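Below is one structure; the comments refer to it alone.
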Amino acid sequence: MRPYTLKQLSTFIEVAKEKSVSKAAENLYVTQPAISMQIKQLEDIFGLALIEPIGRNIQLTAAGQDFLTHATHAISQLKDLESVILGYLDLGRGHITLGIVSTTKYFVPMLLVEFQKIFPGIRFTLRIDNRENIISMLTRNEVDMVIMGRMPKDMDLESIPFVTNPMAIVATPRHALSRRKNIDLSALADETFVVRESGSGTRQAMEKIFQDKGISINAAMEMPSNETIKQAVMAGMSLGFLSLRTVRNEIASGHIAVLDVAGLPLVGHWYLTHHSNKKLSPAAKGFKEFVLQQGKALIETWA
């Protein structure tokens, strides 16, 4: 079999991600014929089609899907190699791909800023998504480490908690329940909620609380972000269930009230997580040590 190049692998991954030769060409700053040539060379090497046209877009063949999985893993391993070697040259250099669940975006950028004050030469690629998709990235080894809540039990991971994640039911201060004390969860059975999308860790935590009490959630609307839920709650649309670290400013300003529900807030933790056998670069090791030593104190003053 003829050798293939990293450029060909990277080109194929970009095409697969965008599902478009033209968008891949735009992202890689090359012409569409150059992209098509790289893909054709790969297909000629392996003797089968990896992509097929669907209208103006493309989709992967079955072989292309398998090729994407292994190509992504190979590129990730090579990035690990690069980071490790650079780390031996200078701990202040390197690149970290960090995956975070969307709720943590309220404090992770601050952690990165503080870390880069110490190591300004270390670069980050930040991948933000819901819990389900972040776990998928971790499974495919597309990220060096992740910051998320509850850990999947079917993966060999090293997960270390570094700060609490209190979650509670919130409402507009105009809501009648905002003035009641020690509310039983059953009193909320007839209330409507704006909820996070399926795959969200916050949504899963909320569903478990209600299921444990045998109460159905009356979802008025599903929303893909904490920010839109906050706006809906402040407008008086419905109640919400959120990490209190996402609404600190709104609570302080009197725009959102935390309902005094018996058994809440539910206090979970945020974890720094990576594969147990992951060979972290010196830069990644430095960031891990920074988060575990300083993360809690920094976050407590921020969110």
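Numbers for the structure displayed
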{"quantity": "Filter result (out of contact with any Gly (no Cβ under 8 Å at 6 or more places or on another chain), small (Gly, Ala, Ser) and either assigned to a strand (DSSP E or B) or surrounded by 10 or more Cβ atoms within 10 Å (Cβ to Cβ) (or both)) within region 167-182", "calculated": "Ala168, Ser178"}
{"quantity": "Residue that is nearest to Leu188 (Cα to Cα) [pool: residues in region 132-156 that are in contact (Cβ under 8 Å) with a residue 24 or more places away in the chain and open to solvent by 30 Å² or more (accessible area, probe 1.4 Å)]", "calculated": "Arg150"}
{"quantity": "Close pairs (7 angstrom Cβ cut-off, 6 or more residues apart or separate chains): closer than 26 Å to Gly286 by Cβ and touching a residue at least 60 places away in the same chain (Cβ under 8 Å) in region 57-84, of a type in the set (Asp, Glu) and surrounded by 15 or more Cβ atoms within 10 Å (Cβ to Cβ) anywhere", "calculated": "Thr72/Glu142; Ser76/Glu142"}
{"quantity": "Set Trp270, Trp302: member being within 21 Å of the chain's Cα centre (by Cα) and modelled with pLDDT under 95", "calculated": "Trp302"}
{"quantity": "Residue pairs meeting the criteria (Cβ under 8 Å; at least 6 apart or on separate chains; first touching a residue at least 60 places away in the same chain (Cβ under 8 Å) and within 17 Å of Thr61 (Cβ to Cβ), in region 6-27; second among the polar types (S, T, N, Q) and open to solvent by less than 50 Å² (accessible area, probe 1.4 Å))", "calculated": "Ile13/Thr72"}
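Yes/no matrix, rows are residues, columns are (1) modelled with pLDDT under 90; (2) among the hydrophobic types (A, V, I, L, M, F, W, C); (3) open to solvent by less than 40 Å² (accessible area, probe 1.4 Å):
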position: Met37; (1), (2), (3): no, yes, no
position: Pro53; (1), (2), (3): yes, no, no
position: Arg56; (1), (2), (3): yes, no, no
position: Leu60; (1), (2), (3): no, yes, yes
position: Asp90; (1), (2), (3): yes, no, no
position: Ile96; (1), (2), (3): no, yes, yes
position: Lys105; (1), (2), (3): no, no, no
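The values are calculated or read from the model by the stated rules, or taken from the named source; none is laboratory data. Note that the structure is a prediction, hence the values are computed from the model and not measured. Here the Cβ is made from the backbone with ideal geometry for all residues, glycine too, and neighbour counts use every protein chain on show. Just so you know, the surface numbers come from the protein's heavy atoms only, side chains and all, with ligands and any DNA or RNA stripped out. Shrake-Rupley method; radii C 1.70, N 1.55, O 1.52, S 1.80 Å.
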